[in-house]
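The values are calculated or read from the model by the stated rules, or taken from the named source; none is laboratory data. Since we're looking at a predicted model, the values are computed, not measured. With ideal geometry, Cβ positions are generated from the backbone for all residues, glycine too; neighbour counts draw on all protein chains shown.
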Amino acid sequence: MEEAEIINRIKKGETALFSEIIKLYKGVVFGHCLSFLRNRQDAEDVCQEVFVSVFNNLKKFRGDSKLGTWIYRITVNSCKNRLKQMQRLRSRMAEENYSPNEEEEINAMVNNIKEKEENEPDNLFVSKEIRAAVFKRIGELTEEQRQVIILRDVDGLPYDVIGKVLKLSVSAVKSKLFRARENLREKLEKDKIL
């Protein structure tokens, strides 16, 4: 069955067909969430939130872009929202008086978001230490630069898809990616990784 037909039938009330959309996109959505959030549990939670949002908003989907691009945009926004929640949690922690042990536990929980799962196959980096250092430095980039690096260099998306997801022209994506890579390179040179 064609994707457009599945969407139309879901819009007409055949909601059980939504499982087909989940089957098609769950791997991609989860992979992106994991790359962005660095924590399996958070990635699973956000992945579930993405599909709830897709289901709730499918009637608004006009078909101006591919369904995958629309779902990817929802995924990026959901990941950004989760990171903002974690930043707010850190801010609240700083304002409240926690015992050193409580603060250490909460910091460990928050930092798990940025850590890569040890068992994830990743051929981009030679060792766990280098991979951890690179992702730490990616986390220090601006949100916009972090997004474009993850979408292109981690997830391997083409420029036109990144443009649609971030609502930018292809030339703007290339420009932002160039600046992001330069900033990342400078940080890694300071760490003597490059």
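Structure summary
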quantity	calculated
Meets criteria (loosely packed, with under 15 Cβ neighbours inside 10 Å, more than 15 Å from the chain's Cα centre (by Cα) and small (Gly, Ala, Ser)) for Gly63	yes
Matching residues, the range 162-181, being of a type in the set (Lys, Arg) and farther than 16 Å from His32 by Cβ	Lys167, Lys174, Lys176, Arg179, Arg181
Filter result for the condition that a residue is loosely packed, with under 10 Cβ neighbours inside 10 Å and modelled with pLDDT under 80, over Glu120, Glu95	Glu95
Options Ile138, Ile193, Ile162, Ile149: the member that is modelled with pLDDT under 85 and not assigned by TED's automatic domain parsing to the domain that holds Gly68	Ile193
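Yes/no per residue for (1) closer than 22 Å to Gln147 by Cα; (2) touching a Leu at 6+ places or on another chain (Cβ under 8 Å):
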| residue | (1), (2) |
| --- | --- |
| Gly13 | no, no |
| Ile21 | no, yes |
| Gly27 | yes, no |
| Phe30 | yes, no |
| Phe36 | yes, yes |
| Cys47 | yes, no |
| Ser53 | yes, no |
